[in-house]
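Note sheet for the following structure.
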Amino acid sequence: MTVPTVKSREDGDRIPETPLFDRARAQSGYELNKMANGLSRPENRAAFVADEAAYMARFGLTEEQKAAVSARDWQEMVRLGGNLFYILKISAVDPVPITAIGAAQAGMAHEDFLRERLGKKPVADQGSKKGA
């Protein structure tokens, strides 16, 4: 079976800056998603933490996928076929807040994402009150 090539960020998808999880992307990300889903089991999380490279090698990830996982490049993992529901399992190992992944997906700083997308004040502003 030939695995389709995933478009590059420069090539873009049908919706700019939005990788669509279509059949080609799903096929190209099968191993990545299988690896990430394996992190549902405590013994696999322990193996991943102990030696990420060895754990990823068990699933036959591409070099690009390995690099994206190692760098915790969430946007790149999605571009390479990672399904958000599976790659979130990788974030649970570190742990990484889901809002940080959302910020990475949007190409924004985490604080900007919290303020602009979720309407939250930066941490420094939350403790101050008018008239106090």
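Kindly list, by first and then second residue, each pair from a residue in segment 18-43 that is closer than 16 Å to residue 75 by Cα to a residue that is modelled with pLDDT under 95 and among the acidic types (Asp, Glu), limited to pairs with Cβ atoms under 8 Å and residues at least 6 apart or on different chains.
These pairs meet every condition: 19/13; 20/13.
List the pairs whose first member sits in segment 65-89 and is at positive phi, whose second member is open to solvent by 20 Å² or more (accessible area, probe 1.4 Å) and assigned to a helix (DSSP H, G or I), and whose Cβ atoms are under 7 Å apart, counting only residues at least 6 apart or on separate chains?
81/26
Within segment 40-79, which residues are more than 12 Å from the chain's Cα centre (by Cα), aromatic (Phe, Trp, Tyr) and either closer than 21 Å to residue 98 by Cβ or outside any helix (DSSP H, G or I) (or both)?
Matches in segment 40-79: 48, 59.
For (1) open to solvent by 50 Å² or more (accessible area, probe 1.4 Å); (2) over 22 Å from residue 27 (Cα atoms); (3) modelled with pLDDT under 90; (4) not hydrophobic (A, V, I, L, M, F, W, C), each residue gets a yes or a no:
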site: 46; (1), (2), (3), (4): yes, yes, no, no
site: 52; (1), (2), (3), (4): yes, yes, no, yes
site: 64; (1), (2), (3), (4): yes, no, no, yes
site: 80; (1), (2), (3), (4): no, no, no, no
site: 86; (1), (2), (3), (4): yes, no, no, yes
site: 100; (1), (2), (3), (4): no, yes, yes, no
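The values are calculated or read from the model by the stated rules, or taken from the named source; none is laboratory data. Remember, predicted model here, so these are calculated numbers, not experimental data. Please note: Cβ atoms are built from the backbone with ideal geometry, for glycine as well, and neighbour counts cover all protein chains shown. Accessible surface is based on the protein model in full, side chains and every heavy atom, while ligands, DNA and RNA are left aside. Shrake-Rupley method; radii C 1.70, N 1.55, O 1.52, S 1.80 Å.
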